[in-house]
């Protein structure tokens, strides 16, 4: 759980200066404290520049209540609220394929808690898959520095197991068996489209 | 131009009660004062419910500057600004096809002004089309109650004509010749996917 301070900034611990630097190899492939969202943005920018794919993060949905129009300057939103998204965060097109996914991360070293996934996201992906979209979760085990593409079918099995009273998380072992692990590379670090080729028709 | 009052609400004229009701046929097919966005939302909801397509409007992109976290209630955004969108407003998937479009309306009865279209939207559609996405504009001539699907190729021709010093709008006659007119129906009123079948590969 992220601690949120009243000014809306996340608490970021100050790195100790006497900490040993990671080995060179680790440094090259390290995410240098980037959020998963920043890593994906970087990858998507790479895809866009190279004409590999056009995939964007959707803006956060906001309910705007009050806007001020100061003369000679930009409109200022003075009261607004966060709304629950009705879809996943990322979508776009890759060589004729509709791509749709959400990105999730966990600090756990043993399992991915399904409470990170919202029911409306599951049903959105189910609807998109019926239209032959390629739908998945991109999950980062942050403490392990491991990334997996979870095909929708795998998510749906775990989801229905939970709805039937079974476990509320997906153990790492299931990821290793059924998900597609993303092999980190130098640039882009997170070449997730390479990992989904086996999901394409 | 919509009149904007300081509280951010649009001015909506109160309908006169002694106004004559439109003829029955007009009423059935009329948009009843709906915005183009509302009409498209209604169509997209119809497509979603019938498993025809999954197409959503993206949220308006906002730069959030200040958020308050009152105890025991939802976070309130207290300062935020509208950002320029980097993509079109609508995208999704329709039977294996990636769909990407923007909706525009004009009060003009003779031509569609290209200033309604932003350069980043044009380049976004060009990139998406290279990935085999189906990209177009949906244009409403509000005074004429006529709706057209403008294929990207038609837009690009008019766009480069403008960049080369030619006219800054697309005349209605070109719409009638080169665009696809949407035949209004009862429900959904604006069945735009029917109009794009000739754009599919």
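Rule-based calculations on the coordinates, nothing more; no lab input. Predicted model, so just to flag it, every value in this text is computed and none were measured. Cβ placement follows ideal geometry from the backbone for every residue including glycine, while neighbour counts extend to all protein chains displayed.
Quick one: if the Förster radius is 41 Å, what FRET efficiency do residue B:76 and residue A:46 give, using the C-beta to C-beta distance and rounding to 0.05?
Working: r = 36 Å, r/R0 = 0.89.
Efficiency, rounded to the nearest 0.05: 0.65.
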Exercise: per-residue mean of other protein chain Cβ atoms within 10 Å, A:58-70
5
Please work out how much length the chain gains when fully extended from residue B:34 to residue B:120, using 0.36 nm per residue of separation minus the C-alpha to C-alpha distance, in nm with one decimal.
28.2 nm
To check you understand DSSP bridge types, tell me what percent of the beta bridges within the range A:40-199 (both residues inside) are antiparallel, rounded to 5.
75
What is the distance in Å between the Cα centroid of the range B:130-184 and that of the range A:111-144?
37
Take the alpha carbon gyration tensor of the range B:120-201, find the square roots of its eigenvalues, order them as a ≥ b ≥ c, and report rounded if a/c is under 1.5; if not, report prolate when a/b exceeds b/c, else oblate.
oblate
Which residues does a label at residue B:63 reach in the range A:70-111, if reach means a backbone N under 20 Å from a point 7 Å past the Cα toward the Cβ?
A:70-82
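For peptide A:98-109, how many partner chain Cβ atoms fall within 10 Å of a residue's Cβ, on average? Can you show the working numbers first?
On the way: counts 13, 3, 5, 0, 0, 0, 0, 0, 0, 0, 0, 0.
Per residue, the average neighbour count from other chains is 2.
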Inter-copy label distances at residue A:116, 7 Å along the Cα→beta-carbon direction, one decimal in nm, shortest first?
4.3
